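Values in this text are rule-based calculations from the coordinates and carry no lab data. Predicted model only: the values in this text are computed from it and were never measured.
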Amino acid sequence: MLDDPKFIAACVLLITNLAGLIKLWGDLAKQRADRIETKAARDKDSSELHDKVLKHDFMISQLRDQQSLQATVIDDLRDTCATLNSNIVKLDTNVSNLTEAIKEMKK
């Protein structure tokens, strides 16, 4: 039975198939490990990108708030300058009137 060529061929075929199966399992295990590694890297990149987007959203919101505050301050300064200009005109008029009154009193 051990000398039978069919038996030897069957044994060789069995050993070859087992070797192929073991290689296939090894390749599948390597492929799974590679996929897990790729998933981890992709998740890390995605998380970093998500954090950057949130940071930029916060910064944009902060800049908009600052711009709004600066616009309010500029409007207040413009109103204050207009009031100051009006008061300067009134003061100039009063000083002119006072100067005229003093000139008339000297005559």
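Odds and ends about this structure:
- Residue of Asp57, Asp79, Asp92 that the Gaussian network model of the chain assigns the largest fluctuation, springs spanning Cα pairs under 10 Å: Asp92
- For the pair Lys106 and Thr16 in one chain, pulling the backbone fully straight at 0.36 nm per residue adds 19.3 nm over the alpha carbon distance.
- Dimensionless Rg/Rh of the chain - Kirkwood Rh, Rg from C-alpha atoms: 1.92
- Taking the C-alpha atoms only, the angle from helix 5-106 to the longest principal axis of the chain is near 0 degrees.
- Top of Ser61, Ser47, Ser96 by mean-square fluctuation, Gaussian network on the chain, Cα under 10 Å: Ser96
- Helical mean residue ellipticity (222 nm; -39500 (n - 2.57) per DSSP H run of 4+; nearest 500) of the chain: -36500 deg cm²/dmol
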